[in-house]
Amino acid sequence: MPRRHILTERQRSALLDLPTDTPSLLKHYTLADDDLQHIRQRRRAENRIGFALQLCALRFPGRALYSGELIPTEVLKFIGAQLGITGDALLTYASRRQTRHEHMEALRSIYGYRVFSGQRARDLKVWLNRQAEDARSNEDLARRLIEECRRLQVILPAISTIERLCAEALVAAERRIEARIAQRLDDEQRSALNALLSEVVDDHRTRFVWLRQFEAGTNSADASRLLDRLEFLQKLKLPRQVIEGVALHRITRLKRQGERYFADGLRDLSDDRRYAILAVCVVEWQASLADTLIETHDRIVGKTWRESKKLCDVQITEAKTTVNSALQSFVDLGGALLEAHEDAVHLEKVVSEHLGWDGLRALVSSASRLTNTLSADPLVHVIKGYNRFRRYAPRMLRVLEIQGASVAEPLLQAANLVRDGVDHKRRPTAFLRKTSKWHRYLKAQPIDDNRLWEVSVLFYLRDAFRSGDIWLRHSRRYADLKQILIPAEAVTANARLAVPFTPESWIADRQARLSIGLRRLAKAARSGTIPSGSIENGVLNVSRLSANPSNEAEDLLLDLYRRIPDTRITDILLEVDAATGFSGAFTHLRTGAPCKDKLGLLNVLLAEGINLGLSKMAEATNTHEYWELMRLSRWHIESEAMNDALAMVVAAQAQLPMSAFWGLGTTASSDGQFFPTTRQGEAMNLINAKYGTEPGLKAYTHVSDQFAPFAIQTIPATVNEAPYIMDGLLMNDTGQRIREQYADTGGFTDHVFAVTSILGYQFLPRIRDLPSKRFYVFNPKATPRELRGLIGGKVKEKLITTNWPVILWIAATMAAGTVAPSQILRKLASYPRQNDLAAALREIGRIERTLFMIDWILDADLQRRAQIGLNKGESHHALKNALRIGRQGEIGDRTTEGQHYRIAGLNLLTAIVIYWTTARLGEAVSSRKRARLPVQPEHLAHVSPLGWAHILLTGEYRWSKKP
């Protein structure tokens, strides 16, 4: 039987190599007293250490030593030190071939280790088959088997046996899942699924391909296209129960496979596999289409509001001339009246001579109209979007399964009236807030005109979906918030929470810290010792710290980069892959096997990273054609693989000697970078005036103090960046090691201050308008006199105390990683202002922001540290701009997925370049030392691996033909 390779060499080494790092040696290879007693029964020193090595290898990783295996020096020294054996004995054992058979028999007899055979092997195979359905990857299943063998003290078989057993278990699990789903389908459902592959739509694509081609839009036509697909899927009447009991990652994988296959490919599959893929796609696409439909409605509401606001702005602009004329007329008339009054002239005569009474009436009437124009609200004009909403909204409300909290019941009742199209004279407005401006404009509408009322309902539906007051029954983005929270009993077991479980203890601590901080600040204000600032007459003045550039550091940086040779980007990719093995993360979507065509895979990653595209890359490379690259892209490039590869490169870069000069990997900064996009597709309406008039998106990147871009998210250009800070910190291993997080002005809100504090992060944003921000205290009257002008309000202790358990519940859910923290934070930010939970979290954030502001004002080192961290993040923008050479830097992909892969590919390529440059800088430092040139550690801290002049990016991409 041919050997089944499901693991890469690096994965095999990670699973079965003897550990060499100190923490692992201490954990696994520390010998107990009884161990030493058994070891000392061996007479010769080399036998004692050989016996000890066999024992340690059986304990971890759980295997016997290989014949002729070279034992790492770290292991020999660690065990030898415990046995009191040094020098020649270690060297003798390392060089001689030891007789291991007797040692192994003794170990089995003393410690109860058993071989992998007979009934034990059969039992482990049964166990492995059960585990295979839940395993997320080939490596995951292999690790589970190895850990179970260790637990049972079963000596591991050869790695080839482990891979074969895991491969067989994975295949069997896949077939069981497919058969389970297929068996739940009746003949009518199977026939309907098969028809998806044969029915042709628009004369050029099958129904199956038509169904999967959807994106969020910006108009009623886009919404109607989504509704066409959703209604078609609902008519298939395929219940969600067909995929019950199947692990979520298995469902996701089957769905992703369905999105990769064309109809012909699906027809060639076995019946069970084909039905399973089609059934999963039908069920999952219904949820995705519903989410996309809500997103489209959100955009249409936003577009209607922007158009109405623009119309108001235009009217105000057009009225400026008339306003100036009217004001001048009033000035002239007023001046004449005042002069006449002083001269005791009859006022009626003055009016008659200047304007006449008809003219005055006309002027007053004109002024009244101008007043209405200048004070007009966009709500006056939103009724113009009625026809746009009417074309899709009733259908949308009929097909969506909308549920809501009790507070949203009036809104759901109003939505049902819009859905049913009833010509109702009474327009219920209970869903409107009492202070809402809608009331005034609705009362002004004719009794038989419901258009503005229907528009108000659809506006409020958008807001309710955002806040979570209403939700979809089966949804990824718009589900009930309570469904995604972890069990309440798991909150107390969450180690990430950095606050007491009782609110009284937390409040007492914050009261004490605020009191101390305010006294310190008041003292500094009185003595004039605030660094680069002052507080005068209740007004805060803060100046930015000046930079202190070092000529020696600059000269060192230039010399180090001169020592780095010019290198082709293809060679950089090959070198970094050889050093880190990041290509091993891109396994086959179905089999999970490593990609055998590494050069092809690197071509695809390079095409994504430099924004060239596969067709242009096929023309520029010397190894692959377009369809070869397309196949690799379709079956190996996944979001999870991109993240895993990035994590491998980031972890490897942190181990390079140069990285230690830049930081410990415990601080990070985050910032958004704008990328222009085409006007077609998903990004066409995402225009942020801050970046001009062209549409685009933002890449929100987290960068560690060692310059590693360890997390990236593609977000709309128009959204607030603040909710996405927690995603980068909590959704990957590097982020969870961060303790101090820097951000720019756009990255902070009071909610973020609250959550970061609760989860143990020190949040240090650079607030542009810091002097305008107010302090919030527990007792304003007790505030020092010098600071009373800075007080914005009193903290609402009772609100915090009442909502404290729910706040901890939400924070623990974020820390658990079951849902993106940004999803929860966006919902909280969308809550109405009077919502107690959102308000309580804001109160906590105000306290934390006040403490931060006090520290920031008084601590120049803190300001400088944050500035350095932010500079590292912002310097990444220049490197990424230099790397994305294709299409003049414009992201041409029309779909969300394509845009995401393009940005993720760029970030991965950036990390690869940073790793390579870091390694070369280390070599350049060694070169300077060999030349006996000065290299000061404090100067190396100012060296950056973000240069790119030495990288040859353009031209043909030629590879060495070696995988």
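Work out from phi, with θ = phi - 60° and the Karplus expression 6.51 cos²θ - 1.76 cosθ + 1.60, the ³J(HN,Hα) of each residue of segment 716-721, listed in order in whole Hz, and give x for Gly and Pro.
Along segment 716-721, the couplings run x, 5, 9, 8, 6, 6 Hz.
To make sure I understand the rule: partners must be aspartates and glutamates, Cα under 12 Å from the Cα of LYS523, and not fewer than 8 residues away in the same chain. Which ones qualify?
Cross-link targets: GLU786.
Based on the Cα atoms of segment 9-162, what semi-axes does the equivalent ellipsoid have, where each is the square root of 5 times one gyration tensor eigenvalue, given in whole Å with the largest first? Walk me through the numbers on the way to the answer.
Details: eigenvalues 168, 57, 36 Å².
Value: 29, 17, 13 Å, ordered largest first.
Rounded to the nearest 20 debye, what is the charge dipole size of the chain about its Cα centre when +1 sits on each Lys and Arg Cβ and -1 on each Asp and Glu Cβ? Provide the component values of the computation, followed by the final result.
On the way: 134 positive and 110 negative charges, 366 e Å.
Rounded to the nearest 20 debye, it is 1760 debye.
How big, in percent, is the set of alpha carbon pairs in segment 108-189 lying more than 22 Å apart?
When all Cα pairs of segment 108-189 are counted, 33 percent exceed 22 Å.
So what's the angle, to the nearest 10 degrees on a 0 to 90 scale, between helix 551-562 and the longest Cα principal axis of the chain?
60 degrees
Using label points projected 7 Å from each Cα along Cα→Cβ, tell me how many nm separate GLU890 and ARG928, to one decimal.
Result for the modelled spin labels: 4.3 nm.
In percent, what relative contact order does the chain have, based on Cα pairs under 8 Å that are 6 or more apart in sequence?
Reported as a whole number, the value is 12 percent.
Can you tell me, using C-alpha contacts under 8 Å and at least 6 residues apart, the relative contact order of segment 401-482 as a whole percent?
Computed value for segment 401-482: 39 percent relative contact order.
Taking only Cα atoms, what is the 0 to 90° angle, nearest 10, from helix 101-111's long axis to the longest principal axis of the chain?
60 degrees
Tally Lys/Arg at +1 and Asp/Glu at -1 over every other residue whose Cβ is under 12 Å from the Cβ of LEU230; what's the total?
+1
For ALA444 and ASP313, what does the FRET efficiency come to when R0 = 22 Å and r is the distance between their Cβ atoms, rounded to the nearest 0.05?
Calculated transfer efficiency: 0.50.
Ranked from highest to lowest mean number of other Cβ atoms within 10 Å per residue, what is the order of the peptides 838-846, 657-665? List each step's numbers first, then the result.
Numbers: 838-846: 22.8, 657-665: 18.6.
Packing proxy ranking, top to bottom: 838-846, 657-665.
Give the peptides 128-139, 292-303, 400-411 in descending order of average Cβ contacts within 10 Å, highest first.
Numbers: 128-139: 18.8, 292-303: 21.2, 400-411: 16.6.
Going by the mean number of other Cβ atoms within 10 Å, highest first, we get 292-303, 128-139, 400-411.
By how many nm would the segment from VAL331 to ARG520 grow when fully extended, if each residue of separation counts as 0.36 nm and the alpha-carbon distance is taken off?
Here the segment from VAL331 to ARG520 would lengthen by 62.6 nm.
Compute the distance in nm between two label points, each set 7 Å from the Cα along the Cα-to-Cβ direction, one at GLN655 and one at THR492.
My value for the distance between the label points is 4.1 nm.
For a quick protection proxy, order the peptides 578-590, 696-708 by their average other-Cβ count within 10 Å, most packed first.
Working: 578-590: 20.2, 696-708: 25.8.
Sorting 578-590, 696-708 by mean packing, highest first, produces 696-708, 578-590.
Say each of ASP187 and ASP861 gets a label point 7 Å from the Cα, pointing the same way as Cα to Cβ; how far apart are those two points in nm?
My value for the distance between the label points is 8.1 nm.
Given H placed 1.01 Å from N in the peptide plane, which residues other than close sequence neighbours of LEU697 have an amide H under 5 Å from its amide H?
Residues meeting the amide H criterion: PHE675, THR677.
Which one, SER13, LEU196, ILE277, projects farthest toward the positive side of the charge dipole computed for the chain from Cβ point charges (K/R +1, D/E -1)?
It is SER13.
Would you tally the net charge around GLN762, using a Cβ to Cβ cut-off of less than 9 Å, leaving GLN762 out, and scoring K and R as +1, D and E as -1?
Details: positive: ARG739; negative: GLU740.
Local net charge: 0.
By counting other Cβ atoms within 10 Å of each Cβ, how are TYR386, TYR460 ranked from fewest to most?
So the ranking, lowest neighbour count to highest, is TYR386, TYR460.
I need SER117, SER534, SER308 ordered by Cβ neighbour count within 10 Å, fewest first.
Ranked by crowding around the Cβ, least crowded first: SER117, SER534, SER308.
Take every Cα pair under 8 Å in segment 9-162 that's 6+ residues apart, average their separations, divide by the length, and report that relative contact order as a whole percent. Spell out each step's value before the answer.
Details: 122 pairs, mean separation 43.3, N = 154.
Over segment 9-162, the number comes to 28 percent.
What is the local net charge at GLY468, summed over the other residues whose Cβ is closer than 10 Å to its Cβ (Lys, Arg +1; Asp, Glu -1)? Working shown, then result.
On the way: positive: ARG466, LYS482, ARG826, LYS827; negative: ASP469, ASP480.
Around GLY468, the surrounding residues sum to +2.
Mind listing which trypsin sites (Lys or Arg not before Pro) in segment 864-945 are in a DSSP loop and have 12 or fewer other Cβ atoms within 10 Å?
Values: sites: ARG864, ARG865, LYS872, LYS880, ARG884, ARG887, ARG894, ARG902, ARG920, ARG928, LYS929, ARG930, ARG932; in loops: ARG884, ARG894, ARG932.
Passing both the DSSP loop test and the Cβ count: ARG932.
Calculate, for LEU152 and LEU545, the FRET efficiency according to 1/(1 + (r/R0)^6) with r their C-beta to C-beta distance and R0 56 Å; round to the nearest 0.05.
Numbers: r = 61 Å, r/R0 = 1.08.
After rounding, the FRET efficiency stands at 0.40.
For segment 1-57, which trypsin sites (Lys or Arg not before Pro) are both in a DSSP coil and crowded by at most 16 other Cβ atoms within 10 Å? Write out the running numbers ahead of the final one.
Working: sites: ARG3, ARG4, ARG10, ARG12, LYS27, ARG40, ARG42, ARG43, ARG44, ARG48; in loops: ARG3, ARG4, ARG40, ARG42, ARG43, ARG44.
For trypsin sites (Lys or Arg not before Pro) across segment 1-57 that sit outside H, G, I, E and B with at most 16 neighbouring Cβ atoms in 10 Å, the list reads ARG3, ARG40, ARG43, ARG44.
What value, in deg cm²/dmol to 500, does the helix sum -39500 (n - 2.57) over DSSP H runs of n ≥ 4 give at 222 nm once divided by the residues of the chain?
Helices in the chain give a 222 nm mean residue ellipticity of -18500 deg cm²/dmol.
Taking 4 °C and 1.567 mPa s as the conditions, I'd like the Stokes-Einstein D for segment 401-482 in µm²/s, using the Kirkwood hydrodynamic radius from alpha carbon pairs.
97 µm²/s
Neighbour counts of other C-beta atoms within 10 Å: give me VAL283, VAL382 arranged from fewest to most.
Working: VAL283 22, VAL382 25.
With the fewest neighbours first, VAL283, VAL382 line up as VAL283, VAL382.
Please tell me which of these pairs span more than 21 angstrom C-alpha to C-alpha: LYS310/LYS437; LYS384/LYS698; LYS235/LYS482; LYS255/LYS598?
Working: LYS310/LYS437 18 Å; LYS384/LYS698 31 Å; LYS235/LYS482 30 Å; LYS255/LYS598 26 Å.
Table pairs above 21 Å Cα-Cα are LYS384/LYS698; LYS235/LYS482; LYS255/LYS598.
Could you pull out the trypsin sites (Lys or Arg not before Pro) across segment 188-252 that fall in loop regions by DSSP (anything but H, G, I, E, B) with no more than 10 other Cβ atoms inside 10 Å?
LYS237
Readers should treat all values here as calculations from the given coordinates under stated rules, not as data from a laboratory. Just so it is clear, the model here is predicted, and its values are computed rather than measured. No Cβ is skipped: glycine too gets one built from the backbone with ideal geometry, and neighbour counts run over all protein chains shown.
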